[in-house]
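Report on the structure given below.
The values are calculated or read from the model by the stated rules, or taken from the named source; none is laboratory data. Keep in mind it's a predicted model, so treat the numbers as computed, not measured. Cβ placement follows ideal geometry from the backbone for every residue including glycine, while neighbour counts extend to all protein chains displayed. What goes into the accessible areas is simple: the full protein's heavy atoms, side chains included, and nothing from ligands, DNA or RNA. Shrake-Rupley method; radii C 1.70, N 1.55, O 1.52, S 1.80 Å.
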Amino acid sequence: VQLVESGGGLVQAGDSLTLSCAASGSTASINVMGWYRQAPGKQRELVATITSSGGFTNYATSMKGRFTISRDNAKKLMVLQMDSLKPEDTAVYYCNAWTRIGVTWGQGTQVTVSS
């Protein structure tokens, strides 16, 4: 499985941004997928996860109500809709995918929110 993120950029506080994660390879083996982020000098942290059917989602507390995770298995795509962005959301955002043999990470996409 290979993952490629896109959609990052520079926005102002209060703006919205949509990140995409395109999967390729043995995508039928993918179970849970997720978004994580890493700010400079900080550890990588959970943003949100979604089950294979999309029926169950989980969000970090600070993202609840502002971020929405979704996936389209037919299109091999996972999306993170981010609304009401804050400067503290500035980070590199990574998507990941779990299969039976382990986890795969994308290369990340930079999101910068100016105040």
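Please go through the range 32-55 and pick out each residue that is open to solvent by 60 Å² or more (accessible area, probe 1.4 Å) and under 15 Å from the mean Cα position of the chain (by Cα). The answer is GLN38, ARG44, GLU45.
Suppose the filter is open to solvent by 50 Å² or more (accessible area, probe 1.4 Å) and in contact (Cβ under 8 Å) with a residue 12 or more places away in the chain; does LYS64 pass it? It would help to see each step written out before you state the result.
Numbers: open to solvent by 50 Å² or more (accessible area, probe 1.4 Å): yes; in contact (Cβ under 8 Å) with a residue 12 or more places away in the chain: no.
Here the answer is no, as LYS64 does not meet what is asked.
Annotation: of all residues in the range 81-115 being within 15 Å of the chain's Cα centre (by Cα) and of a type in the set (Gly, Ala, Ser), the one that is surrounded by the most Cβ atoms within 10 Å (Cβ to Cβ) is ALA97.
Of the residues making up the range 68-80, those that are open to solvent by less than 60 Å² (accessible area, probe 1.4 Å) and touching a residue at least 24 places away in the same chain (Cβ under 8 Å) are ILE69, ARG71, LEU77, MET78, VAL79, LEU80. Pairing residues of the range 92-109 that are touching a residue at least 12 places away in the same chain (Cβ under 8 Å) with residues that are basic (Lys, Arg) and not in a strand (DSSP E or B), at Cβ distances under 9 Å and at least 6 apart in sequence or on separate chains, gives VAL92/ARG44; TYR94/ARG44.
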